[in-house]
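Scroll down for the structure; my scribbles are underneath it.
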């Protein structure tokens, strides 16, 4: 059986398996990712392939994922520290990520098995929120589209997988690289969210334990969150009950969005694949 090294990370609960890209030929990556996601295997919500030397992350479906980028940032920081117990200063690096035309800066503090990692994205203008019907809006981000769904008007159904597929069909999003259906609620602290994310190339749908790009879409697309994030750090509670912290700043030329939270190393080792993968 084939084997290769892997890291299983939990950025705020959004379980992510990262595999060195040199270990797996590109033609096998999607099949391997589909196997890894299964409950009978390593089990995760997403898979990415990494090159630490080049600071490069490519998701199995070619989508953009904030949380996987943050998880990769933790591994970069560890490689940079060369086994030091903890860095004296936060580590910062630019990461090339699938689905993004520009590199993403990650800033890391802490040491294994738990880090705090922020991803900083820059936009010339903030992605607009396009109203589709009462209580539903579309925010298009690089590498992924998000439908923002007000739970007061459209409660999240028990058959969330079928409901998400129907929403993608109704709004003609089946050709998107990835689509998140984000059922959100306003809270005293900011908001809570339930993200159902579909990745076209992997044909995978998960009610994710956390979603960084969905949190970003909520922050730029919901006026009450956008205004709050301009004044102070804004907290979005994830299904894992962990918190993603959003920061929104504007300078003379662009907008900066920071998305931060915990990253935990769950497991590290070798996984094995049947010969057909």
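Bear in mind that the values in this text are calculations on the coordinates, not laboratory data. Everything numeric here is computed off the predicted structure, so don't read it as measured data. Because the Cβ atoms are built from the backbone with ideal geometry, glycine has one as well, and the counts that use them run over all protein chains shown.
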Top of 178, 77, 93 by mean-square fluctuation, Gaussian network on the chain, Cα under 10 Å: 93
Cα centroid separation - region 34-77 against region 201-275, whole Å: 15
Structure-derived mean projected area of the Cα convex hull in nm²: which label, when the choices are [x] 21.1; [y] 13.6; [z] 14.7: [z]
Residue-averaged 222 nm ellipticity for the chain, from DSSP H runs of 4+ at -39500 (n - 2.57), nearest 500: -6000 deg cm²/dmol
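Of all DSSP beta bridges located in the chain, what percent are antiparallel, nearest 5?
80
Could you give the length gained on full extension between residue 254 and residue 132, defined as 0.36 nm per residue of separation minus the Cα-Cα distance, in nm?
Details: separation 122, 0.36 × 122 = 43.92 nm, distance 2.69 nm.
So the chain would gain 41.2 nm between residue 254 and residue 132.
How big is the convex hull of the Cα atoms of region 129-250, per residue, in Å³? Please report the intermediate quantities before stating the final value.
Working: hull volume 12.3 nm³, N = 122.
Value for region 129-250: 101 Å³ per residue.
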Inter-site label distance for residue 82 and residue 102 at 7 Å from Cα along Cβ, in nm: 3.3
Label-zone membership for region 98-114, site residue 54, 7 angstrom Cα→C-beta point, backbone N under 17 Å: 98-104
Antiparallel content of DSSP bridges confined to region 1-143, in %, to 5: 75
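Normalised by the empirical 2.2 N^0.38 Å for globular proteins, what value does the Cα Rg of region 64-193 take? Could you put the intermediate results ahead of the total?
Details: Rg = 18.0 Å, N = 130, 2.2 N^0.38 = 14.0 Å.
Taking N as the residue count of region 64-193, the ratio is 1.29.
Mean separation of Cα pairs under 8 Å and 6+ residues apart, divided by the residue count of the chain: what relative contact order is that in percent?
Relative contact order comes out at 24 percent.
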Linear extension gain, residue 114 paired with residue 2, 0.36 nm per residue minus alpha-carbon span: 37.3 nm
Point-to-point label distance, residue 31-residue 169, nm (Cα→Cβ direction, 7 Å offset): 3.0
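Please rank 240, 109, fewest neighbouring Cβ atoms within 10 Å first, as an exposure proxy. Numbers along the way, then the final one.
On the way: 240 18, 109 15.
By the 10 Å Cβ count, ascending: 109, 240.
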